[in-house]
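Please read the structure below before turning to the comments.
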Amino acid sequence: MDTGTPQYTCDSLFEFASKLGTEAAKNDTWMEVSTENMPNYSDIGNFMTAEQQGWTDTTHFDVLYGAKIIDALNSYMDSLGENSEDEMFCELQHSLISEFFDAWFDAHKIDELWKKSRK
């Protein structure tokens, strides 16, 4: 019976999260990189980690993006006969959110923004 829920492979889950991150960067004018905070960091990696943590703690991210990632992940886990209590679920959730933000940062041209903030 087709429930209308897309079926995902592990690769397509990551493609989905990446595409979602790119779309968020291009279309979500509220979810922007906090460039004014860049000078407070000596390392781009630390800045990106702080930025990601800040956004994942918001209802905005949870409702618009996190819920879609969880729905896709649940569909994938169901197809494997696994459940969301599984350690694999938590690891994949973390990886998918990181994939979302990698694409989000790339679409925002984070390297260029970082270089500008160093001048």
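Laboratory data are not the source of any read-out in this text; all were calculated from the coordinates shown. Since the structure is predicted, the reported quantities are computational estimates derived from the model, not experimental observations. Neighbour counts run over all protein chains shown; Cβ positions are idealised from the backbone, glycine included.
Mean-square fluctuation check for the chain, GNM, Cα pairs under 10 Å: which of PHE14, PHE101, PHE61 is largest?
Maximum among the listed residues: PHE61.
Please report, in Å, the Rg and the Dmax of the chain, where both are computed over Cα atoms only.
Rg and Dmax of the chain, Cα atoms, are 15.8, 59 Å.
Can you give the calculated 222 nm mean residue ellipticity of the chain, where each DSSP H run of n ≥ 4 adds -39,500 (n - 2.57) and the sum is split over every residue, rounded to the nearest 500 deg cm²/dmol?
Helix-only estimate at 222 nm: -20500 deg cm²/dmol.
Which lysines have a Cα less than 23 Å from the Cα of LYS68, not counting those fewer than 8 places away in the same chain?
The reachable lysines, counting only those whose Cα sits under 23 Å from LYS68, are LYS19, LYS26.
Compute the distance from the alpha-carbon center of the range 64-97 to that of the range 33-58, in whole Å.
Between the Cα centre of the range 64-97 and that of the range 33-58, the gap is 25 Å.
Which semi-axes, in whole Å and largest first, does the equivalent ellipsoid of the range 59-119 have when worked out from the alpha carbon gyration tensor as the square roots of 5 times its eigenvalues?
After diagonalising the Cα gyration tensor, the semi-axes are 31, 12, 9 Å.
Modelling each spin label as a point 7 Å along the Cα-to-Cβ direction, I'd like the SER98/ASP78 distance in nm, to one decimal.
Here the modelled spin labels are 2.7 nm apart.
Which order, highest average first, do 38-46, 75-83 follow once you tally other Cβ atoms within 10 Å for each residue and take the mean per peptide?
Details: 38-46: 11.9, 75-83: 14.1.
Descending mean neighbour count gives 75-83, 38-46.
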